[in-house]
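First the structure, in the form of structure tokens, and then the observations on it.
Just so you know, all these numbers are worked out from the coordinates, no wet-lab data involved. Please read these numbers as outputs of a predicted model, since none were measured by experiment. Heads up, the Cβs are rebuilt from the backbone with ideal geometry, glycines too, and the neighbour counts pull from every protein chain shown.
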Amino acid sequence: MLVRIRIQRGRFIHRKHGKNRHVALAIGSLLIPAALMAYALGFWRLASDMGMAGEFGIKGSFSHWQIWIGMAALLQATASVLNHYGRGGELHMPRVLTFQMFLHRHRKPKVGAG
């Protein structure tokens with residue numbers, strides 16, 4: 001006995017650039033208040049260390065102001081990249097944030113007196 005199953009063909013897959021721009025714009029917009037909250041916690045902890053504010057309520061590894069301000073800067077940079085992409089730009093990371101330790105640049109040999 002031979003059984004054949006016929007499946008209808010669906011739509012073809014179209015490769016187009018920027019198909020998730022609305023998602024990037026939404027996530028980028030939500031990261032801005034998260035970065036603001038992290039900045040506020042970082043400066044609260046810094047002011048608490050200097051004796052200008054009340055006691056900081058978080059204990060453990062997240063009780064350091066450097067962690068909060070670093071996390072806030074990272075969130076803000078991520079939000080900036082996602083918002084730029086969501087508004088029609090290209091998705092690329094800033095050159096400062098890319099890891100280029102093992103990339104070798106080819107140098108041209110010096111030509112001249114030697």
(request) With an 8 Å cut-off on Cα pairs and a minimum separation of 6 or more residues, tell me the relative contact order of segment 30-88 in percent. (result) 47 percent
(request) Can you quote the Å³ per residue value for the convex hull of the Cα atoms in segment 30-88, rounded to an integer? (result) 73 Å³
(request) Order by neighbour count: 37, 1, fewest other Cβ atoms within 10 Å first, most last. (result) 1, 37
(request) Loop only per DSSP, at most 12 neighbouring Cβ atoms within 10 Å: give me the trypsin sites (Lys or Arg not before Pro) in segment 13-48, ordered by residue number. (result) 15, 16, 19
(request) Binning at 5 Å from 0, report for segment 1-70 what percent of all alpha-carbon pair distances ends up in each bin. (result) 3, 13, 13, 11, 8, 7, 7, 6, 5, 5, 5, 4, 4, 3, 2, 1, 0, 0
(request) Could you compute the FRET efficiency for residue 34 and residue 14, with r as their C-beta to C-beta distance and R0 at 22 Å, rounded to 0.05? (result) 0.05
